[in-house]
Amino acid sequence: MNSLLDKNIASNHDITPKTLLAFNESQSRSLSLSVRATALVFEDPVSRKLLQQIQRIAPSDATVLIIGETGTGKELVARHIHALSNRREKVFGALNCAALSENLIESELFGHEKGSFTGAYTSKEGWFETADKGSLFLDEVGDLPLGLQAKLLRVLQEQEVVKVGSRQPVPIDVRIIAATNVNLVEAVAAAHFRADLYYRFNVATIQLSPLRERRGDIMPLARHFLKIYGERLGCGEIKLSPSTEVTLLNYDWPGNIRELENAIHRALLVCPTNYLRPEDFKLSGIRVQEREALASTTSLENALQQLCEQTPPKLFDLVEETVIRTAFDFCERNQFQTARLLDISRNVLRHKLGLYGMLLTTKSKVLTGAEDFRNKNLVEIATKNAIPFNYEALLSNNRSSRI
Ligand SMILES: Nc1ncnc2c1ncn2[C@@H]1O[C@H](COP(=O)(O)OP(=O)(O)OP(=O)(O)O)[C@@H](O)[C@H]1O
Ligand SMILES: [Mg+2]
């Protein structure tokens with residue numbers, strides 16, 4: 001197997017403490033603190049070619065644009081580029097542009113001076129300064145507000161930042177690795193993204209294929225995750241039955257590598273023997289969920305009817321908030337996936353999450369926590385009446401009713 005669990009990984013481990021330190025010092029910021037392992041699996045010919053491209057690009061200082069569907073490994077590749085570059089001893093900062101509110105993002109990126117706005121009690125350096133001499137990963141860059149795109153372009157051109165509330169430029173030396181899962185060419189055509197910034201980013205482009213187009217990676221990745229999660233869960237040696245291999249190979253993996261990883265993890269948790277069987281995976285994905293949703297429509301309606309009888313205040317808001325909170329937790333607080341699951345725009349989602357105080361928090365809140373009476377109420381009604389009600393069904397119902 002062509003896993004890069006060799007010296008590249010060893011060298012990346014060497015830099016991890018430093019990277020971690022930089023991140024931990026600033027946990028209050030809304031920064032992706034991912035410190036995931038960087039074991040890369042590239043078996044399919046498409047992926048091998050891609051790996052060669054990454055190895056060619058990495059040592060240069062060129063700005064990189066990584067394009068790929070959700071879960072295809074954009075962040076992992078960005079970390080790998082940093083680990084193979086001359087900047088590997090310096091900070092790798094990862095910033096999710098979609099997770100920051102519009103009025104915070106400028107100060108997050110460029111820093112601010114004391115007193116420059118209400119609440120700026122001290123001056124603070126931005127992520128460009130923190131990542132000086134290192135790399136800055138700008139994830140979901142297509143979500144940058146237009147006004148900020150102009151400022152970012154200036155920073156990239158001048159190689160200096162000006163903090164909010166200051167006039168003094170600070171020189172910086174940062175390698176930008178940007179990622180997007182939206183088509184930036186279309187975004188430029190729709191005037192949502194500046195063409196000049198697009199050209200700045202698009203110096204070296206890495207296109208990550210969806211997993212369904214590099215099926216030679218499926219089994220090596222499955223074994224890779226089986227090993228990692230098997231060890232973590234203390235499962236002993238667990239194998240895939242032949243029919244499971246066929247099932248995994250034939251599946252389309254709309255959520256790509258992340259979906260495969262989660263599927264293996266989940267299967268290990270429920271598997272009663274040393275062989276993972278097809279039925280240990282919940283794979284037929286959306287189509288099965290929709291079937292289940294149809295079957296449980298009655299239970300959902302019953303639960304809602306019970307709720308109506310209780311006449312709680314603001315019933316519609318209660319149901320809407322419950323759906324959004326549940327979907328957000330279900331999608332592990334990934335805004336893109338949540339918006340896609342609910343079939344609403346990310347702006348609408350962000351607005352709602354802001355209303356519920358769910359933006360800029362890092363840890364999942366348990367939906368049925370005692371403090372959240374309103375959500376708990378909905379669950380309780382279902383449980384009290386022994387209705388087989390679950391939120392996954394609620395979500396699937398919600399989606400299928402829109403189709
Ligand atoms: N080539 C690979 N080898 C092994 N694991 C991988 C590989 N690519 C991705 N992964 C794993 O798959 C998961 C998803 O990867 P990552 O977060 O980098 O994807 P992404 O494209 O940034 O996703 P999103 O668009 O949702 O942010 C991670 O747990 C990562 O470790
Ligand atoms: Mg990502």
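Every read-out reported here was derived from the displayed coordinates using simple, explicitly stated rules and does not represent laboratory data. Remember, it's a predicted structure, so these values are computed and weren't measured experimentally. Virtual Cβ from ideal backbone geometry, glycine too; neighbours counted across all protein chains shown.
What the table below lists for this structure:
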item	result
Fully extended contour minus Cα-Cα distance, from ASP317 to ALA190, at 0.36 nm per residue	42.4 nm
FRET efficiency, LYS239 to ARG48 (Cβ-Cβ, R0 25 Å, nearest 0.05)	0.45
Greater than 30 Å apart at Cα, pairs in LYS114/LYS314; LYS227/LYS352; LYS133/LYS227; LYS74/LYS133; LYS74/LYS151; LYS90/LYS352	LYS114/LYS314; LYS227/LYS352; LYS133/LYS227; LYS90/LYS352
Residue-by-residue Karplus 3J(HN,Hα) for region 60-66, coefficients 6.51, -1.76, 1.60, Hz, glycine and proline x	6, 9, 4, 5, 10, 10, 9
Cut-off under 5 Å, modelled amide H: who pairs with LEU240 long-range	LEU276
Karplus 3J(HN,Hα) series, Hz, for region 265-281 with 6.51 cos²θ - 1.76 cosθ + 1.60 (x for Gly, Pro)	4, 5, 4, 4, 6, 9, 5, x, 10, 8, 10, 7, 9, x, 6, 6, 9
Which of MET358, MET219 has the fewest Cβ neighbours within 10 Å, and the rest in rising order	MET219, MET358
Surrounding net charge for VAL46, when Lys and Arg each add one and Asp and Glu each subtract one, Cβ distance under 9 Å	0
Karplus 3J(HN,Hα) series, Hz, for region 100-108 with 6.51 cos²θ - 1.76 cosθ + 1.60 (x for Gly, Pro)	9, 6, 4, 7, 9, 5, 5, 5, 5
Ranking of LEU50, LEU248 by count of other Cβ atoms within 10 Å, fewest first	LEU50, LEU248
Amide H within-cut-off set for PHE137, under 5 Å, with H built and near neighbours excluded	GLY93, ALA94, LEU95, ILE177
